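Quick notes on the structure that follows.
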Amino acid sequence: MASVHESLYFNPMMTNGVVHANVFGIKDWVTPYKIAVLVLLNEMGHRAEGAVSLMERRRLNQLLLPLLQGPDITLSKLYKLIEDSCPQLANSVEIRIKLMAEGELKDMEQFFDDLTDSFSGTEPVVHKTSVVGLFLRHMILAYSKLSFSQVFKLYTALQQYFQNREKKMAEDAEMEAAGREEEESRMEKEELDVSVREEEVSCSGPLSQKQAEFFLSQQASLLKNDETKALTPASLQKELNNLLKFNPDFAEAHYLSYLNNLRVQDVFSSTHSLLHYFDRLILTGAESKSNGEEGYGRSLRYAALNLAALHCRFGHYQQAELALQEAIRIAQESNDHVCLQHCLSWLYVLGQKRADSHVLLEHSVKKAVHFGLPYLASLGIQSLVQQRAFAGKTANKLMDALKDSDLLHWKHSLSELIDISIAQKTAIWRLYGRSTMALQQAQMLLSMNSLESVNAGVQQNNTESFAVALCHLAELHAEQLWMLCDQKIQFDKAMNDGKYHLADSLVTGITALNSIEGVYRKAVVLQAQNQMSEAHKLLQKLLSYCERLKNTEMVISVLLSVAELYWHSSSPTIALPVLLQALALAKEYRLQYLASETVLNLAFAQLILGIPEQALTLLHMAIEPILADGAILDKGRAMFLVAKCQVASAASYEPVKKVEALESAVENLNEAKNYFAKVDCKERIRDVVYFQARLYHTLGRTQERNRCAMLFRQLHQELPSHGVPLINHL
């Protein structure tokens, strides 16, 4: 079982997956990209009611928030996003930006003057307090504060922004005209060039406050919930370094850098970023502003606590204990009970192997409940349950304790701890050997996670509890697979030895693991015990069920068993349509081996009907894939059937030719006996030596006949007789 205290890292940036960042000193300003977004908003506002369809307007509304909050992107990418939502509007935006960029400075001035009209009138196009209204007001205010030289630089940047897009389109046109080799080389070059241009556009200056907050919120949420969708460690660190280049005191960027370095297990860089975070937090006075004079001490004690957690994660237990002692000392001086409870939990983590660790844990749970800290109380309860499970306590008491912690989770909406609790239950049921209950709990956790989406459409599917559930499921399925294979092997061995009572006892175990396979095996046992009517009823029910499920492979196997029932009941003519149906299905679904086995059964039916020559012709079609890819038992059955057909066909031959046919049949019987001996199938060996004894008697080979007769007698005394005529047994 994994430790349930992995979630005890103090994360000052996140509350329910949302980052609360304060970007000090960074204000909104106008960029060429934001001018393009303003053009989009202006065009949307002046469109007639029916000019844009309801579906297009919905897509545009969904697009707006990422455009307003996200970082600057290239004009080509912006056009592509708008075109995917509303092609008609994309064309209008492109024309407006082209006229502005290829016109004069006064065109941009006029555009910003016209933006204020959006708020005028009794029914304005945009409300001042809406998200779009606030963005427009910020941009108008930022533009009005620019000096003339700054306005000129902005216009020059807008022209460059537009020209970069034109240049890219020209390069694309050249690439289409070039040859394939030149096209591939240009493509590689273009990808490099575009990435550089995008970096120049989006990172030429610091992000605005809203952009920085959105970036940090998005990446922190992805790191917490679905790390695979976050930026790669190198890319994220590059963006964070760019943020810190323009604002070194941006504390939350240091904390995200700390989380990013934890991903790659970089102990030096993560420690460096964590210390920088708390240093900046103290230097900027952010904690003092929100917590008065207490803010400075709070930062110090939580810095020590996080440092202890970091060292513990990397296995530096001595350094972790020293940092934890420092955090306890400062927390006691400040009378900070919340921090002390976190410290107490980490004390238990560091001292889990001590004999009295359960005393510390019980005290931690009581204190957490007393101070109203449900998160810590629940983690403590689950750690106690884990500890007592290893101590051999009864499962019902452990489940009662987990039920109490679940009440805390649902009461306080602690979704992450709900997942941990279910993963804990899965592990406990596995520990106590209740695989069915463990499977149920694991499936419940996966179903809950698949339904609970978080910000940006991310699924919480990379948490520790999710990984634990997947591991348990993998082991449970592997165990069941192994158990099923083991039961089937034992069943086949018992049937080969003629021990039908033993095979019947194994059916229950097979049914528990695979109900369809269990019912089929039960019918096979009933058939072997000459209980034909019961076997037939069971096979008919199974056939109907498998046809509804479209389990073609099992349908064919059942049809073959039904056909075998018919010829055991001396009704081979009724078996033929059943076998033809099975053959048609096998060929339709390209099941070559089942098709070959069906042909084998058809040949046996023809042998029973007295047409061995046609049976031999069919066997020549089916025997090659069976000998090449078939099971050893099936190879023996095929060779035995060939020998039977040869003997039956030889009845009408001339004496010399008849002897040759019987000699060939004897050789095939020897080969069949060798195959049956490999799988220790004594029942079929008995049938073969009986047939060989009869052939040797016909050929006048007394010594070989006596040897086979003696062997038959030994096997017949050892094995029970199934009472079925030899000719009716394939």
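What the table shows:
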item	result
Heavy atoms of Cys485: accessible area, 1.4 Å probe, square angstrom to 10	60 Å²
Under the Debye formula (equal points on every Cα, no solvent term), log10 I(q)/I(0) of the stretch 32-173 at q = 0.08, 0.12, 0.20, 0.22 Å⁻¹	-0.21, -0.49, -1.41, -1.64
The stretch 32-173, accessible area per residue, ligands and nucleic acids excluded (1.4 Å, Å²)	54 Å²
Order by protection proxy (mean Cβ within 10 Å, highest first), peptides 565-572, 33-40, 473-480	33-40, 565-572, 473-480
Sequence of Ile422, Ile574 when ordered by accessible area, the most exposed leading, probe 1.4 angstrom	Ile574, Ile422
Sorted peptide list for 151-158, 557-564, criterion being average Cβ within 10 angstrom, highest first	557-564, 151-158
Nonlocal Lys pairs with alpha-carbon distance under 21 Å, the stretch 32-173 (8 or more apart, or different chains)	24
Cα gyration tensor, the stretch 65-110 - rounded (a/c under 1.5), prolate or oblate	oblate
Cross-link reach list, lysines versus Lys403, counting only Cα pairs under 22 Å and skipping chain neighbours closer than eight places	Lys366, Lys367, Lys393, Lys411, Lys425
Square roots of five times the Cα gyration tensor eigenvalues for the stretch 599-680, Å	21, 16, 9
Accessible surface of the stretch 346-403, 1.4 Å probe, proportion on carbon and sulfur as whole %	58 percent
Listed peptides 526-532, 591-597 by packing density, highest first (mean Cβ within 10 Å)	591-597, 526-532
Net charge, Ile510 excluded, C-beta distance under 9 Å - Lys, Arg +1, Asp, Glu -1	+2
Accessible area, probe 1.4 Å, largest first, for residues His276, His501	His501, His276
Derived scalar couplings ³J(HN,Hα) [the stretch 366-380; Karplus, 6.51 cos²θ - 1.76 cosθ + 1.60; whole Hz; x for Gly, Pro]	4, 5, 5, 5, 4, 8, x, 10, x, 4, 5, 4, 5, 4, x
Glu553-Lys657 pseudo-label distance in nm [points 7 Å out on the Cα-to-Cβ vector]	4.4 nm
nm² value of the averaged projected area, convex hull over the Cα atoms of the stretch 40-120	5.9 nm²
Candidate lysines - alpha carbon under 16 Å from Lys678, same-chain residues fewer than 8 apart omitted	Lys493, Lys635
Rounded to the nearest 10 Å², the accessible area of Asp249 at probe 1.4 Å	70 Å²
24 Å Cα-Cα reach of Lys658 towards lysines, excluding residues that sit fewer than 8 places from it in its own chain	Lys644, Lys673
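The values are calculated or read from the model by the stated rules, or taken from the named source; none is laboratory data. The model shown is predicted, which means the values in this text are computed figures rather than measured ones. A quick note on method: Cβ atoms are made from the backbone with ideal geometry, for glycine too, and the neighbour counts reach across all protein chains shown. Quick note on the areas: whole protein, heavy atoms, side chains included, nothing else; ligands and nucleic acids left out. Shrake-Rupley method; radii C 1.70, N 1.55, O 1.52, S 1.80 Å.
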